[in-house]
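The structure appears right after this line, and notes come after that.
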Amino acid sequence: MAITERFFLVGGEWNVIHLPRKPNGFAVFIIGDVNHYVNHYTSSWHQRPDQYQFIEQLKDAGYTVIYSNLFGRNWGSDDACRYMQRLYKEVMIKEILNKKAHVIAEGMGALIAAKLIPNMKSSFRSVVMINPCLNLMHYFNTEKRNKLFYKRFLKELKLAYNVEECELENVLSLMNSSSYKAMPIPLKILHCLDRTPYSLEQHVRPYEQLSNQSDLEIELSIFLEEKSFQRLAKPTIQFLKSHEKPL
């Protein structure tokens with residue numbers, strides 16, 4: 001029986017690689033949102049049927065899919081960015097793949113993509129962001145008004161950034177759209193208006209403006225109604241395939 005997936009440890013974090021039946025030679029690294037996880041035998045992508053079908057459609061299109069537990073709710077920390085860089089190198093050493101990979105970043109995962117890819121642009125060819133969080137400072141201020149979840153969110157941020165509460169606002173002030181470099185590779189954003197806590201106006205539009213100022217275009221698709229991951233697979237795959245020439 002052919003091996004279709006492998007779970008493996010790198011630096012204490014669990015990762016999984018999904019292997020297609022007919023590989024096209026391209027890798028897709030997925031950077032997940034807050035509820036994303038990987039352990040030694042399963043992941044959040046295995047447990048949610050729509051996300052599992054999303055992975056299956058990527059595999060059916062020939063893609064090798066890789067993702068990591070990545071410290072859980074990392075909120076775009078520098079440690080998580082460094083880990084993704086390490087994971088990319090490990091995978092490229094061990095697998096026979098084109099050295100320029102694709103990235104899919106969901107929600108919180110967009111914070112890592114926005115920080116990492118401009119510094120590794122020779123390693124990636126395109127990125128798809130799904131309901132991206134791109135303004136952590138604004139989200140922090142929004143959560144302040146949500147007494148039920150704010151304490152937990154504060155604890156997550158302190159752990160992710162290894163700072164005390166009094167230092168957090170200084171750190172987060174650098175985590176808004178205007179502080180990023182423009183995405184240097186082709187970018188598509190899929191935004192569902194009624195599905196995400198990361199608003200179009202505060203997270204996507206400022207990042208779009210940043211790209212326009214650098215004469216870089218973003219392909220933006222806005223959905224009025226919620227779309228399951230399974231239904232987002234087709235536009236995602238079409239975009240990935242459109243950026244595979246030249247190799």
When region 67-107 is checked residue by residue, the ones that are in a strand (DSSP E or B) and in contact with a Leu (Cβ under 7 Å, 6 or more places away or on another chain) are S68, H102
ask   = Could we say that F71 is in contact with an Asp or Glu (Cβ under 7 Å, 6 or more places away or on another chain) and under 30 Å from L168 (Cα atoms) here?
value = yes
Subset of region 159-180, residues surrounded by 15 or more Cβ atoms within 10 Å (Cβ to Cβ) and of a type outside the set (V, I, T), comes to L159, A160, Y161, L168, L172, M175, N176, S177, Y180
Checked pairs for region 109-133, first over 15 Å from F26 (Cα atoms), second of a type in the set (V, I, T) and modelled with pLDDT under 95, C-beta under 6 Å and 6 or more apart or across chains, list as N131/T196
When region 95-109 is checked residue by residue, the ones that are within 11 Å of V34 (Cα to Cα) and not charged (D, E, K, R) are G107, M108, G109
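Is it true that L232 is buried (at least 19 other Cβ atoms within 10 Å of the Cβ), out of contact with any helix residue (DSSP H, G or I) (no Cβ under 6 Å at 6 or more places or on another chain) and over 25 Å from M137 (Cα atoms)?
Considered against the rule, which asks whether it is buried (at least 19 other Cβ atoms within 10 Å of the Cβ), out of contact with any helix residue (DSSP H, G or I) (no Cβ under 6 Å at 6 or more places or on another chain) and over 25 Å from M137 (Cα atoms), L232 comes out as yes.
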Checked region 49-62 for anything crowded, with 16+ Cβ neighbours inside 10 Å and either basic (K, R) or touching a Ser or Thr at 6+ places or on another chain (Cβ under 6 Å) (or both); matches are K59
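The values are calculated or read from the model by the stated rules, or taken from the named source; none is laboratory data. Computed from a predicted model, the values in this text were never measured in an experiment. Positions of Cβ are backbone-derived with ideal geometry, glycine not excepted, and every protein chain shown enters the neighbour counts.
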